[in-house]
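**Student:** Sending over a structure as structure tokens; questions will come in a sec.
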Amino acid sequence: MCTFETSEAHVGEPLQTQLSIYSQAHENSTPLKFTTVRFQFEGCLGEIKLSHKDSEESATPKSTLAVVQLKETDESTPSRLCLHTEADLTIYPNQRKVFAFPVFFREAGEVAILGSDFLLSTPKFDLKYSSSVESQSTTASWWLQDQSGFLRARNMNIDKALSLKVLPKPPKLEIQVLDDRKQYYTDEKVTVEIEITNGEEEETAIVLEARFSSRTGDVLDYQWITSAEEANDKRRQSADSTIDLPGHPIGNLQPGEKLTEIITFTGTPLASEHVLEIKALYHLVSDFDTPLSKTVAEDVIFSSPFEANYELSPRVHPEPWPSVFILPDRNTEDEDKLEGITQRWNLAATIVSFAEEPLVIESTVLVTQTATGGVVSHIRGDEGATKEVEMKIKQSAERNFDIDIQKSSLDDRRPCSLEMSLAITWRRATSTNTEASESQESVTSHLPIPRLTIPILEPRVILTSEPSTANDPFTTLTYALENPTLHFLTFDIGMEATDTFAFSGPKLRAVNLLPLTRQQIEYRIVPLVGAIGKEGGWMYPQFRAVDRYFGKTLKVLGGEGTKDTGKEKDNQGLSVWVEAC
């Protein structure tokens, strides 16, 4: 019986095989001396043939295990391996002879045992005994020899022992992605080292391929970082090795030699998941006809380092509005001059870091992508917008931007909206340990902002609070009424009296606003005794402005120095901070 040690083997690697011959003849029978024993196979292994050769073991009936070496015969072809060796084929009754040897396969495929032939030649006759796999034993054993020389059997699965799957030669080239970053961030430029180790026993010629894949189908652009001198040297080595494989050539590697290649790519603008596949295509310098490959895959996940919440509130623009009753002076040089009214809005952005490591925000810029409705926007950031700040995980920072919106013409009454994004320029606070990493580069990430609809054509009331000072114990409240329409509007205004503060200013009054005009009404308030604490407190002035013609009450919008505490204080609306007298 022929038995394979394992049910799988690889091209070019030894597979231990055993041929076991056992005689069931009567114990008084004459020993048999076979001239030839041959095993036939199906697949990439043709046959294994043993020819008789006398030895000292011919005179002993003891069971033995002999290690022999096989050689290829002239009948061997690249697709069909035929092996032969010489051994002592004399066998006594109840004797078992086991011949062990390694088999080296040259091609991948399936191998199955078909049967065996035993040839016996004597002066009087020649005998050939053939058996198929079906006629052989239903059990299989792998034989081991102990220190005393006795054979011991290890049971094996009969199906696995009699059949074999030869796999392609396993690549011994090792690929390792060297990167100690725990997380990648959107828009970030990433530099990764790829370490190649030649585990083959011969010199190899290698090229690398990189490929990104994702569920969304997005493909990242990448670049191999190689100096011009190194690139020319690698091309020369590749030409000398007659390598003809596509990809990034890295030249020839000696056995055990290591080489590091650097690849760089940039993260996507939005959070996404990708898989980076690094594939090495190579062949042994001594065997150009057998291409080999090794592939490793690494998950590359880009997450957003920041998230932001936004709050849009109105402001009073300091410059006067143009008068609808005065015709502008037009000349050819001022054809592009804006003639519409200007409104100011404030966008407060609360930025929160979700990175797993400290990040440094270098600057924050509000960018206008598109503006509809014939408006032009001018943006001005606060002092913190250009100030560096280190952000730890879940730490927040607030940035404020004033947005001046102006129509190109007073006759343009179209509604308007803004598509904007927050451009945050940042860098990692600490450097990584990767040798390829240089000083941390600045990265600009764009956070999208929901569309801002600007009601530039609607009347509005804006409350601005000016706190008291040491010289002036009163808090000044300024209500700015704006009429950006082309209609004459009349508002009935009034301030309700409370038991928390006293005020000076019109309790009830009618305010007439011409088209495209605005007017400010001031109140001075002082807290009553016991209404606030020693350091001050929040007051809730109740101001009303009712459009007399339409009977509509305008909502008071909070400007500078105000706080919307409607949800906190039983829907009392805007509040202002008042210092204690």
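The values are calculated or read from the model by the stated rules, or taken from the named source; none is laboratory data. This structure is a prediction, so every number in the text was calculated from the model and none was measured. Please note: Cβ atoms are built from the backbone with ideal geometry, for glycine as well, and neighbour counts cover all protein chains shown.
**Student:** Restricting attention to the range 94-152, and to residues there that are surrounded by fewer than 16 Cβ atoms within 10 Å (Cβ to Cβ) and aromatic (Phe, Trp, Tyr), which single residue is farthest from residue 39 (Cα to Cα)?
**Tutor:** 150
**Student:** Further question on the same structure: Return the only residue of 291, 328, 320 being closer than 30 Å to residue 519 by Cβ, of a type outside the set (Ser, Thr, Tyr) and at pLDDT below 85.
**Tutor:** 328
**Student:** Could I ask something else about it? So for the range 447-465 (the condition being over 26 Å from residue 574 (Cα atoms) and modelled with pLDDT of 90 or more), does at least one residue qualify?
**Tutor:** Yes, that holds for at least one residue.
**Student:** In this structure, is residue 541 surrounded by 13 or more Cβ atoms within 10 Å (Cβ to Cβ), in contact with a Phe, Trp or Tyr (Cβ under 6 Å, 6 or more places away or on another chain) and either farther than 21 Å from residue 479 by Cα or at pLDDT 85 or above (or both)?
**Tutor:** no
**Student:** Go through the range 30-39 and give me each residue that's within 27 Å of residue 152 (Cβ to Cβ) and modelled with pLDDT of 90 or more.
**Tutor:** Of everything in the range 30-39, those that are within 27 Å of residue 152 (Cβ to Cβ) and modelled with pLDDT of 90 or more turn out to be 34, 37, 39.
**Student:** Being of a type outside the set (D, E, K, R), more than 21 Å from residue 139 (Cα to Cα) and surrounded by 15 or more Cβ atoms within 10 Å (Cβ to Cβ) is true for just one of 87, 59. Which residue is that?
**Tutor:** Every option except 87 fails the conditions.
**Student:** Looking at 159, 117 in this structure, which one is modelled with pLDDT of 85 or more, closer than 30 Å to residue 63 by Cβ and acidic (Asp, Glu)?
**Tutor:** The conditions single out 117.
**Student:** Could you say which residue among 48, 21 is more than 58 Å from the chain's Cα centre (by Cα) and within 26 Å of residue 154 (Cβ to Cβ)?
**Tutor:** 21
**Student:** Would you check if residue 94 is in contact (Cβ under 8 Å) with a residue 24 or more places away in the chain, polar (S, T, N, Q), farther than 30 Å from residue 206 by Cβ and out of contact with any Leu (no Cβ under 7 Å at 6 or more places or on another chain)?
**Tutor:** It is true that residue 94 is in contact (Cβ under 8 Å) with a residue 24 or more places away in the chain, polar (S, T, N, Q), farther than 30 Å from residue 206 by Cβ and out of contact with any Leu (no Cβ under 7 Å at 6 or more places or on another chain).
**Student:** For the range 377-388, how many residues are surrounded by 15 or more Cβ atoms within 10 Å (Cβ to Cβ) and either touching a residue at least 24 places away in the same chain (Cβ under 8 Å) or assigned by TED's automatic domain parsing to the domain that holds residue 185 (or both)?
**Tutor:** Selection size over the range 377-388: 2.
**Student:** Applying the selection to the range 485-513, what residues are out of contact with any strand residue (DSSP E or B) (no Cβ under 7 Å at 6 or more places or on another chain) and of a type outside the set (D, E, K, R)?
**Tutor:** Within the range 485-513, 485, 486, 487, 488, 497, 498 meet the criteria.
**Student:** Checking the conditions here, which among 65, 50 is assigned to a strand (DSSP E or B), crowded, with 19+ Cβ neighbours inside 10 Å and in the same structural domain as residue 123 (by TED's automatic domain parsing)?
**Tutor:** 50
**Student:** A further question on this structure: Could you grab the pairs with beta carbons closer than 6 Å, sequence gap of 6+ or different chains, first residue in the range 67-88 and more than 21 Å from residue 110 (Cα to Cα), second one surrounded by fewer than 16 Cβ atoms within 10 Å (Cβ to Cβ)?
**Tutor:** 85/68; 86/51; 86/53; 87/68; 88/55; 88/57; 88/58
**Student:** Checking the condition charged (D, E, K, R) and either closer than 26 Å to residue 156 by Cα or not assigned by TED's automatic domain parsing to the domain that holds residue 121 (or both), which residue from 57, 42, 75 passes?
**Tutor:** Sole residue among the options that is charged (D, E, K, R) and either closer than 26 Å to residue 156 by Cα or not assigned by TED's automatic domain parsing to the domain that holds residue 121 (or both): 42.
**Student:** Of all residues in the range 177-212, how many are in a strand (DSSP E or B) and over 30 Å from residue 285 (Cβ atoms)?
**Tutor:** The qualifying residues number 6.
**Student:** List pairs: first residue in the range 475-500 and more than 30 Å from residue 530 (Cβ to Cβ) and not assigned by TED's automatic domain parsing to the domain that holds residue 541, second residue at pLDDT below 95 and not in a strand (DSSP E or B) anywhere in the structure, Cβ distance under 6 angstrom, at least six positions apart or on different chains.
**Tutor:** Short answer, once both residue conditions are applied: none.
**Student:** Taking the range 253-277 as the region of interest, how many residues are under 9 Å from the mean Cα position of the chain (by Cα) and of a type in the set (Ser, Thr, Tyr)?
**Tutor:** 1
**Student:** Quick check on residue 152: is it under 18 Å from residue 65 (Cα atoms) and without any contact (Cβ under 8 Å) to a residue 12 or more places away in the chain?
**Tutor:** yes
**Student:** Here is a further query. Please determine, by comparing only the residues of the range 302-318 that are in contact (Cβ under 8 Å) with a residue 40 or more places away in the chain and surrounded by fewer than 13 Cβ atoms within 10 Å (Cβ to Cβ), which one is nearest to residue 453 (Cα to Cα).
**Tutor:** Looking at residues that are in contact (Cβ under 8 Å) with a residue 40 or more places away in the chain and surrounded by fewer than 13 Cβ atoms within 10 Å (Cβ to Cβ), I get 309.
**Student:** Next question, about the same structure. Restricting to the range 441-468, what's the tally of residues that are buried (at least 16 other Cβ atoms within 10 Å of the Cβ) and assigned to a loop (DSSP other than H, G, I, E, B)?
**Tutor:** Residues in the range 441-468 being buried (at least 16 other Cβ atoms within 10 Å of the Cβ) and assigned to a loop (DSSP other than H, G, I, E, B): 5 in total.
**Student:** Applying the selection to the range 514-538, what residues are of a type in the set (Lys, Arg) and either surrounded by 13 or more Cβ atoms within 10 Å (Cβ to Cβ) or in contact with a strand residue (DSSP E or B) (Cβ under 7 Å, 6 or more places away or on another chain) (or both)?
**Tutor:** Result: 518, 524.
**Student:** Would you check which residues across the range 344-367 are buried (at least 17 other Cβ atoms within 10 Å of the Cβ) and out of contact with any Lys or Arg (no Cβ under 7 Å at 6 or more places or on another chain) and list them?
**Tutor:** 347, 355, 361, 363, 365, 366
**Student:** Specify which of the listed residues (177, 111, 190) is touching a Gly at 6+ places or on another chain (Cβ under 7 Å), of a type outside the set (Lys, Arg) and over 30 Å from residue 24 (Cβ atoms).
**Tutor:** 190
**Student:** Within the range 400-418, take every residue that is among the acidic types (Asp, Glu) and closer than 14 Å to residue 376 by Cβ and give me the one that is surrounded by the most Cβ atoms within 10 Å (Cβ to Cβ).
**Tutor:** The extreme case among them is 404.
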